[in-house]
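Only one structure is covered here, and it is reproduced in the block below.
The values are calculated or read from the model by the stated rules, or taken from the named source; none is laboratory data. Everything quoted here is computed from the prediction, not taken from an experiment. Note that each Cβ is placed from the backbone with ideal geometry, even for glycine, and that neighbours are counted across all protein chains shown.
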Amino acid sequence: MEKDNVAIKVTNMTKTFKLYSDKANTLKERLVRGRKNKTEVRTVLKSIDLTINKGETVALIGVNGSGKSTLLKLMTKIIYPNKGRVTTHGKLTSLLELGAGFHPDFTGRENIYFNAAIFGLTKQEINKRINDIIEFSELGEFIDSPVRTYSSGMYMRLAFSVAINVDAEILLIDEILAVGDQHFQDKCFAKLEELAKSDMTIVIVSHSLEPMKKLCKRAIWINDGEIAMDGEATTVMDAYLKTCE
């Protein structure tokens, strides 16, 4: 029964990246220097063990470069671990990078159909929801303009509106809600509070800790690729903030 309650499980997971330096910029340099570029292997996450249960709303916190966004990408399976496993149970949607998954030459309306179809909705199901998606986005007449003409705030409006309407069981968010005007940010947080009271599992990376204290019951502090602390949100965030003073 315990297994049935698990939404995300990370087991002994390590992620490394190769960093290249002294890269040749011209064809002549490449011919002269050949393949002698220096490489450095950087371990971003180290032997992470983590379980997030269904219905939890969890904040991932830490300084820039600590590995929290990488952990979120591993959960979405955009990237894969070098060691260990990341398993998810349930339909997953994510808001990780502005415009990710949008075709720049498609209109906002066309991208709604395209994105929602990727998440498994039929055209008939999208037809039933499209007015709600457009209304929540507040894009008005811009919904029929190519998304390449959108501002970052408009991208966020469209992406969030689609993500909350595809019947996902797991929602992953990486700082995207920091984009756009205050009115729409407040609207998004109000919606997240509503979703947090449902059975949806939410994992969110944010540097805005005060709203996260209100939204999340649990926080995981990532420091230098390792879990420094995992527990009640306010307790973990206050401990983290003391190290930033």
Complete set of residues in the stretch 61-116 that are at pLDDT 90 or above, under 29 Å from Thr243 (Cβ atoms), of a type outside the set (Val, Ile, Thr) and not in a loop (DSSP other than H, G, I, E, B)
Lys68, Ser69, Leu71, Leu72, Lys73, Leu74, Met75, Lys83, Gly84
Would you be able to say whether some residue in the stretch 149-157 is without any contact (Cβ under 8 Å) to a residue 40 or more places away in the chain, surrounded by fewer than 21 Cβ atoms within 10 Å (Cβ to Cβ) and either touching a Cys at 6+ places or on another chain (Cβ under 8 Å) or of a type in the set (Asp, Glu) (or both)?
no
Kindly provide the set of residues from the stretch 1-42 that are among the charged types (D, E, K, R), surrounded by 10 or more Cβ atoms within 10 Å (Cβ to Cβ) and at pLDDT 70 or above, ordered by number.
Lys9, Lys15, Arg42
Looking at Lys91, is it touching a residue at least 40 places away in the same chain (Cβ under 8 Å), in contact with an Asp or Glu (Cβ under 9 Å, 6 or more places away or on another chain) and of a type in the set (D, E, K, R)?
yes
Please pick out the residue among Ala228, Ala168, Ala159 that is in contact with a strand residue (DSSP E or B) (Cβ under 7 Å, 6 or more places away or on another chain), of a type in the set (Gly, Ala, Ser) and part of a helix (DSSP H, G or I).
Ala159
Output the number of residues of the stretch 158-187 satisfying the condition of being surrounded by fewer than 16 Cβ atoms within 10 Å (Cβ to Cβ), within 26 Å of Val63 (Cα to Cα) and free of Cβ contacts under 8 Å to residues at least 12 places away in the same chain.
2
Evaluation of Ala190 against (1) of a type outside the set (Val, Ile, Thr); (2) under 22 Å from Gly62 (Cα atoms); (3) more than 14 Å from the chain's Cα centre (by Cα) (one fails), failing number:
(2)
